[in-house]
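Down below is the structure, laid out as structure tokens.
The values are calculated or read from the model by the stated rules, or taken from the named source; none is laboratory data. In this text, all values refer to a predicted model and were calculated from it rather than measured experimentally. Methodologically, a virtual Cβ is constructed for each residue, glycine included, from the backbone with ideal geometry; neighbour enumeration extends over all protein chains shown. Ligands, DNA and RNA are stripped out before the accessible areas are found, and what is left, the full protein with its side chains, is counted by its heavy atoms. Shrake-Rupley method; radii C 1.70, N 1.55, O 1.52, S 1.80 Å.
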Amino acid sequence: MAEQAGTLRRTPLSRDRVLRAAVALADDAGIASLSMRNLAQELGVVPMALYKHVANKDELLDGMIDVIVGEIDPLLPETDWQRAVRRRILSARQVLRRHPWAPLAIESRNMATPAVLAYLDSMIGALRAGGLSVDLTHHVMHALGSRILGFSQELFDTSRRAGRSGPTDPEPPAPVPPEVAARFPHVAEVALAAAHEDASVVGSGCDDQFEFEFALDLLLDGIERLRRQGWTSSR
């Protein structure tokens with residue numbers, strides 16, 4: 001082990017090595033644990049050495065996002081646009097399951113990174129090649145939202161925005177207080193209607209694999225129906 005650590009420390013530092021080490025650190029301990037000091041310690045260098053490769057933590061996060069987007073399978077040439085788009089979205093979801101901190105990191109950026117923009121550009125290209133008009137494609141991108149990147153934003157869950165970004169033990173759903181259930185019976189009924197597999201969840205809440213694919217298929221089928229109808233937003 002000591003020999004391995006020594007070899008690692010002698011390996012020249014590069015931007016790619018810095019970014020991949022940062023991704024591994026976030027995977028192991030959560031994005032909240034990531035700091036330039038911790039990353040430097042992981043790499044066996046002084047913190048100032050990192051700044052030759054990333055200007056600041058914002059640039060580090062952007063680079064980390066681009067690394068994981070690069071893990072998503074490329075679009076395959078398909079005559080069926082639904083199949084091609086669905087396959088790639090589910091590939092993106094598999095990547096995010098390996099990196100559960102990524103949805104929060106993506107949502108936190110003020111501007112999309114180059115790799116995210118390239119990903120979105122290629123997905124828009126697939127929709128256009130599938131026969132969707134520019135008008136319909138515009139509205140489809142809004143309808144898909146974060147789902148096109150493999151995760152959905154939860155309606156009620158606030159834990160990720162409250163700072164829970166590292167791995168946590170699965171927790172059972174909190175019981176709905178009786179007074180809340182009495183006042184909002186339909187919300188209470190739906191909230192407790194189904195269990196979710198912790199192993200298939202991206203982020204937290206109800207974003208598990210079944211729910212994700214259920215909503216994705218509804219959207220893709222509806223989009224194809226509108227395409228066949230020649231739908232426009234002016235109607």
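Among 105-114, 181-190, what's the highest-first ranking by average C-beta atoms within 10 angstrom per residue? Mind showing how you got there, number by number?
Values: 105-114: 14.1, 181-190: 11.8.
For the peptides 105-114, 181-190, the packing ranking is 105-114, 181-190.
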Leaving out ligands and nucleic acids, note down the accessible area per residue over segment 1-153 with a 1.4 angstrom probe, in whole Å². 52 Å²
So what is Rg over Rh here for segment 1-148, counting just Cα atoms and using Kirkwood for Rh? 1.07
Taking the Cα centre of segment 54-108 as the origin, how large is its charge dipole in debye, to the nearest 20, when only Lys and Arg (+1) and Asp and Glu (-1) carry charge on their Cβ atoms? 360 debye
Is there a quick way to get the dipole size of segment 8-57? I mean about its Cα centre, with the Cβ of Lys and Arg at +1 and of Asp and Glu at -1; what is the value in debye to the nearest 20? 260 debye
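Would you work out the relative contact order for segment 32-157, in percent, from Cα pairs under 8 angstrom that are 6 or more residues apart? Can you show the working numbers first?
Values: 88 pairs, mean separation 31.4, N = 126.
After rounding, I find 25 percent.
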